[in-house]
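One structure is given below, encoded as structure tokens.
Each reported figure results from applying straightforward, stated rules to the coordinates on display, with no laboratory input. The shown structure was predicted, so the numbers you read here are calculated from the model rather than taken from an experiment.
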Amino acid sequence: MHPRLLLALTPLLFTSMAHAAEDCDNATDQATMNQCASQQYAAADKELNALYQQITSRLKGNPDGKKLLLGAQRSWIAFRDSECKFSASAVEGGSVYPLIYGNCVTQLTKARVQTFKTYLKCQEGDLSCPVPGV
């Protein structure tokens, strides 16, 4: 692509990206709603991964704890995916499936985010907490 053409199209690219973000608040077509659900899940998943990294960092001196966390997280992902497939199974194959599935994985991921945030707020001496405080 010619650099001048790319430069000329740049404002259109940013305008369409900004417009897409605005569409989520007032989405009226299924494709936009599905895309918005996907974006919301991506944001929740990004936050979850950042918190997971913080927890593994705090567990650096506890290889058994890290191994347990990894196993728990893998099991949780399998549960989340299975639960959401079941939750959306009534509309499988339909155009609304990505929205129903996406909302489910987002909801469960946000709940996991809250669990991780609780782990990261543990007070020193809290024997019921698997993640040491800082």
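Tabulated values for the structure
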{"quantity": "For the range 94-110, Karplus couplings with θ = phi - 60° (6.51, -1.76, 1.60), whole Hz, Gly/Pro x", "calculated": "x, 5, 8, 3, x, 5, 5, 5, x, 5, 5, 5, 5, 4, 5, 5, 5"}
{"quantity": "Extension gain from Ser95 to Ser57, taking 0.36 nm per residue of separation minus the Cα-Cα distance", "calculated": "9.6 nm"}
{"quantity": "Under the Karplus curve 6.51 cos²θ - 1.76 cosθ + 1.60, θ = phi - 60°, whole-Hz ³J(HN,Hα) for the range 66-78, x wherever Gly or Pro sits", "calculated": "4, 5, 5, 4, 4, x, 5, 5, 4, 5, 4, 4, 4"}
{"quantity": "Per-residue ³J(HN,Hα) for the range 81-92, Karplus 6.51 cos²θ - 1.76 cosθ + 1.60, θ = phi - 60°, Hz, x for Gly and Pro", "calculated": "5, 5, 4, 6, 5, 5, 4, 9, 4, 5, 10, 4"}
